[in-house]
Amino acid sequence: RLKLESTHTHTHKMCKNHSQSSSSATMGAPKFNPVGDLISGAIMAATSVPQLIAYAETVGYAGYRGLTTAGAPLFAWGVVTGSPWMNAGVTSLTAVMAKTDLGGEAYAAKYGEEDYVDLVAAYSLYVGVASIVMALVGFGKLASKVPTAVKTGFKWGCELGVLASALPNGLYAFGSTLKSSVATSAFGDVVKAVKTAVPGATGVSGVANILYAATHPQSWDLVAAAVFFACTLFVMKAKSFLPKSLPPGSEVVIATAAATVFSVYYGYEGGMVGEIPSVGSDGGISLGPINIPVELKDVKALLNVPIAERCFDGSMVKLFITAAIFSGVNFLSIVGIASGFESDNNVPWSAPRELISQGVSNLAAGAVGSAPVSGSMSRSLVSRMTGASSKMACIVTALLWIYMMPYMSVMSPTPKAALSAVIVSAVVKNVVVPKKILALKGNDFIVGVATAAATAITSPTLGFGAGCVMFAIISVLAPSPKKKVA
């Protein structure tokens, strides 16, 4: 009898597990829940504000621009995408790629921030057009064929670039302090030599910044560094002790709010977000009785920005190729996000549609003066975790960003050191211990390391291209041995 009961219990468990497995396999897009979408969209809007400011700083212009330009691209994305959870916006990757492709620091110093904003906006338009054209010719299906070694090395190189862009405002009261110190040091001489040999090596300046800051801690600003390290540690460790009931991203909001309060009461004198202008009541877009407080750029004027002459050696062909590479590389983020949702939740997706979504959102980004945008892994995961059921959630987020701008002045005294901490906390672990690169074997390891180095020292575009070329050459000259089939 005991044996029969044991057998029955075992059979029952197997049936139950099979039933759960079948249920998981048939799981698809969630049932539409407008209330859940409203809540999820509101959470996303609140928890992403520090990132918007921080990534704008990474691009190379005033942080408040990240707030004023984020809504329109996300709204356009929400209208076109087919994913219930995927979010888009300026990410650490698109920010650092745009800055390096356009030589952001040098351009802003020579022509001023307003001209640089126009340059970035124009580049977003070209990236948008490139994305749509590539979708129409079938590139979406080819994106998943990029070698893993190249993607892994490229990601690490970009993350190092993100770290390099965040350190100046993290460890110093003003980021320009580090840059001027590097320029007059031995590291500056190396940078000049590398740029003379490889004019496109814009990333070497960031690497020099990291090396100088790491070897000259006596040059750090005590208060800025204290805020930076405190916020970084809190964001990275807070999940282990904060209440589980708090939504994802709460640790970022708490750290930023605490730093802002400290700035106000301490009288912090380092770099801050600064004044956040808002669109006046008579500005924006009027649709009958509805006024949308978004300022549009003159698209015709953007098309006349001398981007090819000043950044691409006067070659429109080089501009279009770079924009296409930018589009393709950033689409890999979307492929990774959508593929994850498909394997975890059985939510189907269309590569051409999402690549067109990237294109349309970049056209919207250019129209409002934003840097190029792409899929955001962190925001997409938060959208799923907070109960979003459709793309209505990201549209809600976009509308909140647009209509809540008059109240964003509360962020004006936020130290840039705290915003740098938000960025660094997302990449520092993988930069210090690149587990995925170390996991590569044989030829893949060589390609991964070479791609990482090329991306970090030159630029994301050149690094990605170099990695693909190296993979092709090694595959022909020294193919990996095929595994024996038993």
Checked THR184, THR177 against criteria (within 27 Å of ALA109 (Cβ to Cβ) and out of contact with any Pro (no Cβ under 9 Å at 6 or more places or on another chain)); the one match is THR184
Selection from the range 407-423 of residues surrounded by 24 or more Cβ atoms within 10 Å (Cβ to Cβ) and of a type in the set (Ser, Thr, Tyr) yields THR414, SER420
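Condition check: over 22 Å from ALA351 (Cβ atoms) and more than 19 Å from the chain's Cα centre (by Cα). Does ASP101 satisfy that?
Numbers: over 22 Å from ALA351 (Cβ atoms): yes; more than 19 Å from the chain's Cα centre (by Cα): no.
No.
Of these, SER339, SER361, which one is of a type in the set (Ser, Thr, Tyr) and at pLDDT 90 or above? Spell out the reasoning first.
Values: SER339 fails: at pLDDT 90 or above.
On inspection, the qualifying residue turns out to be SER361.
Which is surrounded by 24 or more Cβ atoms within 10 Å (Cβ to Cβ), over 15 Å from PRO372 (Cα atoms) and of a type outside the set (A, V, I, L, M, F, W, C), of GLY78, GLY89, GLY82, GLY112? Talk me through it step by step, then tell me what you get.
On the way: GLY89 fails: over 15 Å from PRO372 (Cα atoms); GLY82 fails: surrounded by 24 or more Cβ atoms within 10 Å (Cβ to Cβ); GLY112 fails: surrounded by 24 or more Cβ atoms within 10 Å (Cβ to Cβ).
Going through GLY78, GLY89, GLY82, GLY112 in turn, the sole match is GLY78.
If a residue has to be within 20 Å of the chain's Cα centre (by Cα) and modelled with pLDDT of 90 or more to count, how many in the range 315-333 make the cut? Walk me through how you get there before you give the answer.
Restricting attention to the range 315-333, the residues satisfying the condition of being within 20 Å of the chain's Cα centre (by Cα) are 322-333.
Within this subset, residues satisfying the condition of being modelled with pLDDT of 90 or more are 322-328, 331.
Within the range 315-333, residues that are within 20 Å of the chain's Cα centre (by Cα) and modelled with pLDDT of 90 or more number 8.
May I ask you to say which residue of THR256, THR177 is modelled with pLDDT under 95 and more than 17 Å from ALA418 (Cα to Cα)?
After ruling out the rest, the residue left standing is THR177.
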Restrict the check to the range 389-403 and report whether at least one residue is polar (S, T, N, Q), surrounded by fewer than 23 Cβ atoms within 10 Å (Cβ to Cβ) and not in a loop (DSSP other than H, G, I, E, B).
no
Pairs under 7 Å by beta carbon, first residue hydroxyl-bearing (Ser, Thr, Tyr) in the range 30-46, partner not in a helix (DSSP H, G or I), six or more apart or different chains?
SER40/THR386; SER40/GLY387; SER40/ALA388
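Out of GLY157, GLY138, GLY161, which single residue is over 17 Å from VAL96 (Cα atoms) and either open to solvent by 30 Å² or more (accessible area, probe 1.4 Å) or not acidic (Asp, Glu) (or both)?
Values: GLY157 fails: over 17 Å from VAL96 (Cα atoms); GLY161 fails: over 17 Å from VAL96 (Cα atoms).
Just one listed residue meets the conditions, GLY138.
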Considering every residue within the range 254-267, establish whether at least one is open to solvent by 30 Å² or more (accessible area, probe 1.4 Å), touching a residue at least 60 places away in the same chain (Cβ under 8 Å) and within 25 Å of THR461 (Cα to Cα).
no
Take VAL299 and tell me if it is among the β-branched types (Val, Ile, Thr), surrounded by fewer than 17 Cβ atoms within 10 Å (Cβ to Cβ) and without any contact (Cβ under 8 Å) to a residue 12 or more places away in the chain.
no
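Looking at the range 336-364 only, could you name the residues that are part of a loop (DSSP other than H, G, I, E, B) and small (Gly, Ala, Ser)?
Initial filter on the range 336-364 (part of a loop (DSSP other than H, G, I, E, B)): 346-350.
SER350, the sole residue that qualifies.
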Note on the range 365-381: residues part of a helix (DSSP H, G or I), buried (at least 22 other Cβ atoms within 10 Å of the Cβ) and under 17 Å from the mean Cα position of the chain (by Cα) are ALA365, GLY366, ARG379, SER380
How many residues of the range 168-189 are part of a helix (DSSP H, G or I), of a type outside the set (Phe, Trp, Tyr), open to solvent by 20 Å² or more (accessible area, probe 1.4 Å) and in contact (Cβ under 8 Å) with a residue 12 or more places away in the chain? The answer is 4
Filter pass, VAL432 being open to solvent by less than 70 Å² (accessible area, probe 1.4 Å) and farther than 21 Å from SER333 by Cα
no
Filter the range 49-63 for residues that are buried (at least 24 other Cβ atoms within 10 Å of the Cβ) and of a type in the set (Gly, Ala, Ser) and give the result.
ALA54, ALA56, GLY60, GLY63
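The values are calculated or read from the model by the stated rules, or taken from the named source; none is laboratory data. What you are looking at is a predicted structure, and each value in this text was computed from that prediction instead of being measured. In this analysis, Cβ positions are derived from the backbone assuming ideal geometry, glycine residues included, and neighbour counts consider all displayed protein chains. Just the protein is used for accessible areas: all its heavy atoms, side chains included, with ligands, DNA and RNA removed. Shrake-Rupley method; radii C 1.70, N 1.55, O 1.52, S 1.80 Å.
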